[in-house]
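Asks: This is the structure, below, for whatever I ask next.
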Amino acid sequence: MAAKKTKYIFISGGVLSSLGKGIASASLGLLLKQRGLSVTIMKFDPYINVDPGTMNPQQHGEVYVTDDGAECDLDLGHYERFLDVDGTRANSVSTGQVYFEVIQRERQGQYLGKTVQVIPHITDEIKRRMTIYDKMFDIVIIEIGGTVGDIESLPFMESVRQLCMEKGPKSTLNIHLTYVPYIKSAGELKTKPTQHSVKMLMEMGIRPDILLCRTEQAINKESKSKIALFCNVEEDSVIEVLDADTIYEVPMSLAKRNLDQIVLRKFSVSTGKIDLDTWTKFVNRIKQPKYTVNIALVGKYNQVKDSYKSILEAFVHAGAINNAKVDITWIDSESITRTNVASVLKGMQGILVAPGFGSRGIEGKIEVIKHAREQKIPFFGICLGMQCAVIEFARNVAGLKDAHSAEFKKGKDLVIHLMSAQKQVTDKGGTMRLGSYPCTIRKGTIAHAAYGADTISERHRHRYEFNNAYRKSLEDHGMKLSGVSPDTTLVEIIELKNHPWFVGVQFHPEYKSRAVKGHPLFISFVKAALLKK
């Protein structure tokens, strides 16, 4: 196969954070992919953490995990969901990774006594990582985290400037996402923040080719002309990005404004016609569902909804496939007690107990699971949610008195225990089970009916797991161990007899849910909840 002549698109953001660079990157990637081009998207984050694995999800949002076990920023999830491709650890780069690599080389004497500096040593390593997919894809989209002007992202921006110089304008393109506020009291859109942001970008030696302008009001021709003139951008390359009813509508909105055509024109690339028919049908089902289903999401990081971003998007996908809107009721597991659980869950047609770490909120989750089991409400437990389901069953059905969460926290050798790699903690820390592992599914189970397969592969992120010493005891009392890892004998999926839909999984199925396709377990769960209605 002939090597590809890779084109690079750099996407930066200005004025303020949370404007949606990740969605913009994923949307553009989808449009180009639907024109027949091969596309990958990379995220360069300016934080000094090596990865977000140790960050509090209430500060940073969820930690997304790839097949090869990389703990990544949640934007990697957007990329995979939109493009229906699997990323790798190479798709997620942090300042910490770059400096760690350079410092290790310096300690090994690889710089031959030179003074190690940001330029060229740090920027060279950044450029090496930015071009790791060179000649493998037609298009590489690189999202730069943070906001232009942040001191943390300066080495990334300098690397972008250098790459643009080295590869030339026919192979590089800069897109700047900015904000055009509407001042209600004046009845005007204000272009000055965009002008200042572009000025800051150009002071770094980078001229934007396209401006994506987030705004709550349509940008009139006068304002668009003003932005183009003062920002040195062609007028048709000033593209408004209005708020959408769903993030999955953004690619269609950008296509209407010819973003993909403008990119291809600037690259002098010709392709076939774009095909968005399936995507459009998917969006229409999101916006105009026939049914509504009420599902409780029980977790302990509810203050920041991005803590469960992949779960929320998996519900959007599964809802659309079931022609239903999934209404999420957020429930803090720390607020649940034996006396209020029934009233808190009243009217819920399905209950999902979310992942998490630590003992906080576990007793509340156990009460929720007991209620779901006894009242025959469709239940879905993910990772810690599955582990709590095992504890609840062991405690209240199998009569194992030692199956309580205080011991669970301490990691004693009970029904849910610390995985062996964590017991052998060294000065380098413990080892979680991360990335994709195979799972063999028993026929005649809910899981097998959902997947339609004997063997699957799913992504993991956990320290605790099912203790095989209790398998027979729990099975004798009615727990079905419907999925087991053939490599590690790890119990991956549990179900209950005499319950319409009760499934707990050790892995994270939400990471593999894709727009249009969904995920088999989420689709099956939403369908079961609709039947409960």
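Asks: Run the reach check for Lys192 against lysines, Cα to Cα strictly under 21 Å, same-chain hits fewer than 8 apart removed. What comes back?
Replies: Excluding near neighbours in sequence, the set is Lys21, Lys184, Lys221, Lys224, Lys226.
Asks: Can you run phi through the Karplus equation (6.51, -1.76, 1.60; θ = phi - 60°) for segment 64-71 and list ³J(HN,Hα) in whole Hz, with x for Gly and Pro?
Replies: 8, 10, 8, 4, 8, x, 7, 8
Asks: Roughly how far apart, in whole Å, are the Cα centres of segment 289-310 and segment 39-107?
Replies: 24 Å
Asks: Still on this structure, I have one more. Given a Förster radius of 30 Å and the C-beta distance between Met136 and Arg463 as r, what FRET efficiency does 1/(1 + (r/R0)^6) yield to the nearest 0.05?
Replies: On the way: r = 35 Å, r/R0 = 1.16.
Using R0 = 30 Å, I get an efficiency of 0.30.
Asks: Moving on. Mind sorting Ile183, Ile206 by how few other Cβ atoms lie within 10 Å of their own Cβ, fewest first?
Replies: Details: Ile183 9, Ile206 21.
Fewest-to-most Cβ neighbours within 10 Å comes out as Ile183, Ile206.
Asks: Residue by residue through segment 346-359, which ³J(HN,Hα) values in whole Hz follow from phi under the Karplus form 6.51 cos²θ - 1.76 cosθ + 1.60 (θ = phi - 60°), with glycine and proline marked x?
Replies: Result, rounded to whole Hz: 4, x, 7, 9, x, 9, 10, 9, 7, x, x, 10, x, 7.
Asks: Less than 19 Å apart at the alpha-carbon level, and either on another chain or at least 8 residues along: which aspartates and glutamates does that give for Lys527?
Replies: Result set, ordered by chain and number: Glu313, Asp327, Glu495, Glu510.
Asks: Let me ask another. Over segment 287-376, what is the relative contact order in percent, taking alpha-carbon pairs closer than 8 angstrom and at least six residues apart?
Replies: Values: 118 pairs, mean separation 36.7, N = 90.
Rounded, it is 41 percent for segment 287-376.
Asks: Also, quick follow-up: Please find the FRET efficiency linking Asn340 to Val304, where r is the Cβ-Cβ separation and R0 is fixed at 25 Å, and quote it to the nearest 0.05.
Replies: On the way: r = 24 Å, r/R0 = 0.96.
Once the sixth-power term is evaluated, E becomes 0.55.
Asks: What is the dipole size for the chain, taken about its Cα centre, with +1 at each Lys and Arg Cβ and -1 at each Asp and Glu Cβ, in debye to the nearest 20? Working shown, then result.
Replies: Working: 71 positive and 59 negative charges, 174 e Å.
Result for the chain is approximately 840 debye, rounded to the nearest 20.
Asks: Starting from the Cα-Cα distance between Glu475 and Met55, subtract it from 0.36 nm times their residue separation and give me the gain in nm to one decimal.
Replies: Values: separation 420, 0.36 × 420 = 151.20 nm, distance 3.71 nm.
This chain segment gains 147.5 nm when fully extended.
Asks: Can I ask one more? Multiply the residue separation of Arg360 and Asn498 by 0.36 nm, subtract the distance between their alpha-carbon atoms, and state the gained length in nm to one decimal.
Replies: On the way: separation 138, 0.36 × 138 = 49.68 nm, distance 3.05 nm.
Length gained between Arg360 and Asn498: 46.6 nm.
Asks: Further question on the same structure: List the residues whose amide H sits under 5 Å from the amide H of Trp501, counting only those 5 or more places along or on another chain, with H placed 1.01 Å from N in the peptide plane.
Replies: Those qualifying (amide H under 5 Å, at least 5 residues apart or on another chain) are Phe379.
Asks: How far apart, in nm, are the 7 Å Cα→Cβ label points at Val397 and Tyr291?
Replies: Roughly 2.5 nm, to one decimal.
Asks: Rounded to the nearest 0.05, what FRET efficiency do Tyr47 and Asp245 have when you use their Cβ-Cβ distance and R0 = 45 Å? Intermediate values should be presented prior to the final figure.
Replies: Details: r = 32 Å, r/R0 = 0.70.
It comes out at approximately 0.90.
Asks: Loop only by DSSP, 12 or fewer other Cβ within 10 Å of the Cβ. Give me the trypsin sites (Lys or Arg not before Pro) in segment 141-219 that pass, ordered by residue number. Working shown, then result.
Replies: Numbers: sites: Arg161, Lys167, Lys170, Lys184, Lys190, Lys199, Arg214; in loops: Lys170, Lys184, Lys190.
Hits after loop and neighbour filter: Lys170, Lys184.
Asks: Could you work out how much longer the chain between Lys170 and Arg265 gets when fully extended? Use 0.36 nm per residue separation minus the Cα distance between them, nm to one decimal.
Replies: Values: separation 95, 0.36 × 95 = 34.20 nm, distance 1.02 nm.
Working it through step by step, the gained length comes to 33.2 nm.
Asks: Here are some values of Rg/Rh (Cα atoms, Kirkwood Rh): (i) 1.00; (ii) 1.11; (iii) 0.96. Which one was computed from this structure?
Replies: Of the labelled values, this structure produces (i).
Asks: Just want the ordering: Trp501, Trp330, from fewest to most Cβ atoms lying within 10 Å of their own Cβ.
Replies: On the way: Trp501 22, Trp330 12.
Arranged by neighbour count, lowest to highest, Trp501, Trp330 become Trp330, Trp501.
Asks: Calculate the spin-label point distance for Ile119 paired with Leu229, positioning each point 7 Å from the Cα along the beta-carbon direction, and give it in nanometres.
Replies: Spacing of the two 7 Å Cα→Cβ label points: 3.3 nm.
Asks: Turning to a different aspect of this structure: For Lys127, Lys480, Lys497, what ranking results if the residue with the fewest other Cβ atoms within 10 Å of its Cβ goes first? Walk me through the numbers on the way to the answer.
Replies: On the way: Lys127 17, Lys480 20, Lys497 10.
Placing the least packed residue first, the sequence is Lys497, Lys127, Lys480.
The numbers here are math on the coordinates, done by the rules we state, and not lab data. As the structure is a prediction and not an experimental result, all values here were calculated from the model. Here the Cβ is made from the backbone with ideal geometry for all residues, glycine too, and neighbour counts use every protein chain on show.
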